[in-house]
Amino acid sequence: MIYQRWKQNFARPGTFWGNFLVFSKMEKEHRPLQELAMRHFKIPENGKVLDIGCGGGVFIAQMLERVPSAHFTGVDYSPVSVKKTLKFNRKAVKAGKVEVIEGSVSELPFENAVFDVVTASETIYFWPEIQKDFCEVCRVLKPDGCFVICCDTCDKVAAQKYIDMIKGMSVYSIEELVDYLTQAGFSKTEEHYDEATGKFCVVGYK
């Protein structure tokens with residue numbers, strides 16, 4: 001029972017004690033996935049990037065290292081994640097290169113057509129209304145902007161034990177994600193799947 005309660009931290013860090021272990025695990029295990037994803041999208045110089053479900057802030061740091069001229073905004077509905085991301089990127093925050101806010105993907109607190117790139121790493125599993133949430137992402141993207149989704153798995157059968165254990169978790173096939181993106185108004189998609197690991201990223205272009 002305690003283990004099951006602790007696992008809820010993967011959906012929203014801070015839900016139960018021991019969330020620091022979740023951040024440590026995410027930092028180690030998500031990095032290869034994020035490196036895979038970064039091979040398949042480009043951040044423009046001086047571009048604006050939104051990372052939804054920023055967790056511990058590692059992906060923001062990786063992208064900033066690659067494109068130092070860009071500005072990054074992280075959003076997460078966990079106040080613990082917001083604090084962790086601010087701390088992890090404290091130098092960039094102080095320099096005005098990174099900002100992090102508490103908020104929900106379902107009601108992003110931004111004007112229309114603000115960002116060149118939106119990323120979602122290992123987080124769409126927990127989005128409450130994925131079709132509507134994809135529409136919200138499309139709204140805040142600039143024309144020709146891209147939405148990058150990266151996940152460790154699209155295998156619902158293999159992930160079933162986690163789906164049963166973590167409240168509100170859903171796993172989507174690549175075909176489902178492409179369909180959701182198309183319905184949300186994205187004009188083109190690219191799918192990149194690593195057969196050796198099962199990791200993948202899907203990129204939708206507005």
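Some observations on this one:
- Computed log₁₀ I(q)/I(0) - Debye formula, equal Cα scatterers, no solvent, the stretch 97-141, q 0.29 Å⁻¹: -1.33
- The Stokes-Einstein estimate for the stretch 69-147, based on a Kirkwood radius over Cα pairs and taken at 10 °C with 1.306 mPa s viscosity, is a diffusion coefficient of 119 µm²/s.
- Flagged links, alpha-carbon separation over 19 Å, of 156/199; 83/199; 142/206: 83/199
- The stretch 113-201: antiparallel DSSP beta bridges as a percent of all, rounded to 5: 40
- Per residue accessible area in Å² of the stretch 56-151, where ligands, DNA and RNA are left out and the probe is 1.4 Å: 43
- Long-range HN-HN contacts of residue 47 with modeled amide H, under 5 Å: 70, 71
- Of the chymotrypsin sites (Phe, Trp or Tyr not before Pro) found in the stretch 108-163, no site is in coil according to DSSP while having at most 10 other Cβ atoms within 10 Å of its Cβ.
The values are calculated or read from the model by the stated rules, or taken from the named source; none is laboratory data. A quick note: this is a predicted structure, and the numbers were derived from the prediction, not measured. FYI the Cβ positions are ideal-geometry reconstructions off the backbone, even for glycines, and counts take in every protein chain you see. Side chains are part of the model used for accessible areas, which takes the heavy atoms of the whole protein and leaves out ligands, DNA and RNA. Shrake-Rupley method; radii C 1.70, N 1.55, O 1.52, S 1.80 Å.
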